[in-house]
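All remarks here apply to the structure that follows.
The values are calculated or read from the model by the stated rules, or taken from the named source; none is laboratory data. Predicted model, so just to flag it, every value in this text is computed and none were measured. Methodologically, a virtual Cβ is constructed for each residue, glycine included, from the backbone with ideal geometry; neighbour enumeration extends over all protein chains shown.
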Amino acid sequence: MMAHRPEQLPFPVSGFTIAPRYSRSALVTLYHGDRLELLGQIRDGEARLVVTSPPYNIGKKYEKKAKIDDYLQGQRETLRESVRILGDDGSLCWQVGNHLVGTEVKPLDILIYPICEALGLRLRNRIIWHFEHGLHCSRRFSGRYETILWFTKSDQYVFNLDGVRVPQKYPGKKHFKGPKAGQYSCHPLGKNPGDLWIIPNVKHNHVEKTVHPCQFPIELVERLVLALTNPGDLVVDPYIGVGTTACAAVLHKRRAAGADTVKEYLDVARRRVELALLGKLPRRPMDRPVYQPDPRLAITRRPPELGQPTLLKV
């Protein structure tokens, strides 16, 4: 059985404003400018969680494609400042995919790891985020996952597992021997979600889709916010885009701060945060199962006129 998470207004919204610069009294800060300028406004050790999906250096309209060494140097600068603002019991989560050089894949999590290790961070999980839809490749297998590197600043860190448990596969399973024979063996609140997360990505028909071309889903950040912070904590996203991290934070009574250089994205972020505070934000609930199409529908069946697929035998 999964713990019930009712929708509720996370904060009093009367007179609420979103600050353009960071201050300790601000519930949400959306800074229009460089991420290092925002991070410089935050005091040492003030944040409990830094979570972001930085540009992948693949030439999207919001980034200028750079040589890989220059790109990694920029990431090193962001990470150094992110570590500075983290409390000793804080966490850093870097969600990345792949950088492409021609047709060659360079996995960014592997390139980012030694930077974080040199900064004294300790890797707790390499989380695989799996999604079922995306671009179809013709000269390699289509990419259907990205990674989240979860680091902590020390061995003493916040980890609220009960807040993110998922339904058991066999909730009626019992111990069959020993002193607990006959008793239920599953945790009553659900099981640990593990390090492979199956969460739909934000494509054109997703309820959360905005103008951003590489938007990540709210529920992905929600799980990190609930597990790695406490109510009232500060969550920082150096590349906040359309405000997904800020929405996940305020939905669960956390403060948020983020920066972006594209004003259009921040305008969208502002509207989304305001809707989140009013309990009206369109979003996919955390506990909704991944959609399974009805096998009775014609669209789910192979048309007979196409014949049977020919599979390569080895």
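Things to note:
- Residue tally, condition assigned to a helix (DSSP H, G or I) and either surrounded by 21 or more Cβ atoms within 10 Å (Cβ to Cβ) or under 12 Å from the mean Cα position of the chain (by Cα) (or both), over segment 82-97: 2
- Out of Gly194, Gly232, sole residue that is farther than 19 Å from Tyr145 by Cα and out of contact with any helix residue (DSSP H, G or I) (no Cβ under 9 Å at 6 or more places or on another chain): Gly232
- Hits in segment 155-193 - residues which are touching an Asp or Glu at 6+ places or on another chain (Cβ under 6 Å) and exposed (fewer than 11 other Cβ atoms within 10 Å of the Cβ): Gln156
- Test: Arg254 is farther than 24 Å from Gly97 by Cβ, surrounded by fewer than 19 Cβ atoms within 10 Å (Cβ to Cβ) and out of contact with any Phe, Trp or Tyr (no Cβ under 9 Å at 6 or more places or on another chain): no
- Selection count where residues are surrounded by 10 or more Cβ atoms within 10 Å (Cβ to Cβ) and over 16 Å from Ile218 (Cβ atoms), scope segment 194-206: 3
- Residues that are in a strand (DSSP E or B) and among the polar types (S, T, N, Q), drawn from segment 132-156: Thr147, Thr152
- In the set Glu274, Glu264, only one residue is among the acidic types (Asp, Glu) and surrounded by 15 or more Cβ atoms within 10 Å (Cβ to Cβ); that residue is Glu274.
- Flag if Gln292 is out of contact with any helix residue (DSSP H, G or I) (no Cβ under 7 Å at 6 or more places or on another chain), assigned to a loop (DSSP other than H, G, I, E, B) and polar (S, T, N, Q): yes
- Within segment 103-118, the set of residues being in a helix (DSSP H, G or I) and surrounded by fewer than 12 Cβ atoms within 10 Å (Cβ to Cβ) comprises Pro114, Ala118.
- Matching residues in segment 245-281 - criterion: being in contact with a helix residue (DSSP H, G or I) (Cβ under 8 Å, 6 or more places away or on another chain) and assigned to a loop (DSSP other than H, G, I, E, B): His252, Arg254, Leu281
- Cβ pairs under 8 Å, 6+ apart, first in segment 71-87 and of a type in the set (Gly, Ala, Ser), second in a helix (DSSP H, G or I): Ser82/Leu39
- Test for Phe16: is it surrounded by 15 or more Cβ atoms within 10 Å (Cβ to Cβ), modelled with pLDDT under 95 and farther than 28 Å from Arg126 by Cα: no
- Count - residues of segment 50-106 that are basic (Lys, Arg) and either at pLDDT 85 or above or within 20 Å of Thr244 (Cβ to Cβ) (or both): 6
- Members of segment 173-219 that are hydrophobic (A, V, I, L, M, F, W, C), within 21 Å of Lys280 (Cβ to Cβ) and free of Cβ contacts under 8 Å to residues at least 24 places away in the same chain: Val202
- Whichever residue in segment 119-131 is in a loop (DSSP other than H, G, I, E, B) and surrounded by 11 or more Cβ atoms within 10 Å (Cβ to Cβ) and, among such residues, is modelled with the lowest pLDDT: Phe131
- Test: Glu222 is assigned to a helix (DSSP H, G or I) and either of a type in the set (Lys, Arg) or in contact (Cβ under 8 Å) with a residue 60 or more places away in the chain (or both): yes
- Selection from segment 227-259 of residues that are among the β-branched types (Val, Ile, Thr), over 20 Å from Asp88 (Cβ atoms) and in contact (Cβ under 8 Å) with a residue 40 or more places away in the chain: Ile240, Thr245, Val250
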